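Student: I'd like to ask you about the structure that follows.
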Amino acid sequence: MSFVHLHLHTQYSLLDGANKIKELMPRVKAAGMPACAITDHGNMFGAVQFSEAAREHGVQPILGCEMYVAPQSRLEKAGRIDDYEAGGNYHLVLLATSREGYRHLCQLVTAGFREGFHYKPRVDKELLRELGGGLIALSGCLRGEVAHNLMGGQPERAHNAAEELARIFDGRFYIEIQDNHLPAQERVNGELIALARELGLPLVGTNDCHYLRPEDAAAHEALLCIQTGKTLSDERRWRFETDQLYVKDGAEMAAAFAHVPEAVTNTLEIARRCDFEL
């Protein structure tokens, strides 16, 4: 079954993504995928290289970014707000559907570095309202505002966050689910599906790809140690408790979401909507 990866990190998700673009595209092409997105953390450093490599292999490039969204204003920078301890910045995946959307994405990334930087380049809801045109939004991983609140036992806050994002991205907001074998993700997926149906929002399945093959999980763990200044022998180190964040093929993704097949077919619909190339 055909499928499109819409949440994927390359080497430009610095010290976090282990997918090398030159190795990624042959795998995507061999898997028969018609398109693929790049959604690096807070930047678009790889946009040009990704676009050129995709075209070389006959794959439609989808340009995006996994944004860091400040819980309040991007201009508030007090305290220690990092992703892994203080529960600070929410994640939100944005994909350009048009030239306008690409321009807005560039403006958001720039504002994140120039105006909102605090540990990470952050935007906020004010900027999303101003620059949300031409962009599709996916609710993100467990660090997304919707999933994070569900995980924390705050369903009303999750409901409100989903409604707010649906208003900002009118007709262009999808509830994102993943099948990554993380216990927390497995607990939250059912609630995400129920919330999407309650609010009449479409679902989309992703794999938050951080490396190419299952056997690359160990190298990725070493990369995270470099990022956090830890060693593999440190049991308290930050790590992903899964080896499933690789570039799965369409059959694997279809099997993962067999109970919600629209989560797979919607990846193809989103790819059709993202009608823009550099």
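Student: Could you tell me which of Asn207, Ala166, Ala194 has its Cα farthest along the dipole of region 21-273 towards the positive end, charges placed at Cβ (Lys, Arg +1; Asp, Glu -1), taken about the Cα centre?
Tutor: Ala166
Student: Here is a further query. Below 14 angstrom from the Cβ of Leu165, what's the summed charge of the other residues (Lys, Arg +1; Asp, Glu -1)?
Tutor: That sum, taken over residues with Cβ under 14 Å, equals -2.
Student: Let me ask another. What percent antiparallel are the DSSP beta bridges of the chain, to the nearest 5?
Tutor: 40 percent
Student: Something else now. Most fluctuating residue of Val48, Val28, Val69 in a GNM of the chain with Cα springs under 10 Å: which is it?
Tutor: Result for the chain, Cα springs under 10 Å: Val48 fluctuates most.
Student: Let me ask something additional. Using 20 Å as the Cα-Cα cut-off, could you pick out the over-long pairs in Lys29/Lys248; Lys20/Lys248; Lys20/Lys230; Lys77/Lys125; Lys22/Lys248?
Tutor: Lys20/Lys230, as the Cα separations exceed 20 Å there.
Student: If I model a spin label as a point 7 Å beyond the Cα along the Cα-Cβ vector, how far apart are those points for Thr231 and Leu15 in nm?
Tutor: 1.8 nm
Student: Further question: Within region 11-155, what percent of beta bridges assigned by DSSP are antiparallel, to the nearest 5?
Tutor: Of those bridges, close to 60 percent are antiparallel.
Student: Show me the GluC sites (Glu not before Pro) within region 233-278 that DSSP assigns to loop and that have at most 11 other Cβ atoms within 10 Å of their Cβ.
Tutor: Glu235, Glu241
Student: Ranking Val247, Val123, Val146 by Cβ neighbours within 10 Å, fewest first, what do you get?
Tutor: The fewest-first ordering by Cβ neighbours comes to Val247, Val123, Val146.
Student: For the residues Asp249, Asp40, what sequence is obtained by ranking on other C-beta atoms within 10 Å, fewest first?
Tutor: Asp249, Asp40
Student: Which of Ser73, Ser139, Ser2 has the fewest other C-beta atoms within 10 Å, and how do the rest follow up to the most?
Tutor: Going from least to most buried by this count: Ser73, Ser2, Ser139.
Student: How about Lys120: which aspartates and glutamates have a C-alpha closer than 14 Å to its C-alpha, ignoring those fewer than 8 places off in the same chain?
Tutor: Candidates past the 8-residue exclusion: Asp16, Asp40, Glu66, Glu76, Asp82, Asp83, Glu85.
Student: What does the extension gain come out to for Glu100 and Phe240, with contour length at 0.36 nm per residue minus their alpha carbon separation?
Tutor: 46.9 nm
Student: Taking the chain as a Gaussian network, where each spring joins two C-alpha atoms under 10 Å apart, which residue of Leu203, Leu195, Leu75 fluctuates the most?
Tutor: Leu75
Student: Taking only complete DSSP H runs, can you tell me which helices of the chain stretch 18 Å or more along their own long axis by Cα positions and average at least 1.0 on the Kyte-Doolittle scale?
Tutor: none
Student: Out of Gly134, Gly229, Gly112, any idea which swings most in a Gaussian network model of the chain, alpha carbons joined below 10 Å?
Tutor: Result for the chain, Cα springs under 10 Å: Gly229 fluctuates most.
Student: What whole-number distance in Å separates the alpha-carbon centres of region 217-278 and region 138-176?
Tutor: First find each Cα centre; the distance between them is then 19 Å.
Student: What does the charge count near Tyr246 come to, summing +1 for each Lys or Arg and -1 for each Asp or Glu among other residues with Cβ under 11 Å from its Cβ?
Tutor: Charge balance in the 11 Å sphere: -3.
Each reported figure results from applying straightforward, stated rules to the coordinates on display, with no laboratory input. Every value quoted in this text rests on a predicted model; they were computed, and no experiment measured them. Glycine also receives a Cβ, built like all others from the backbone with ideal geometry; neighbour counts cover every protein chain displayed.
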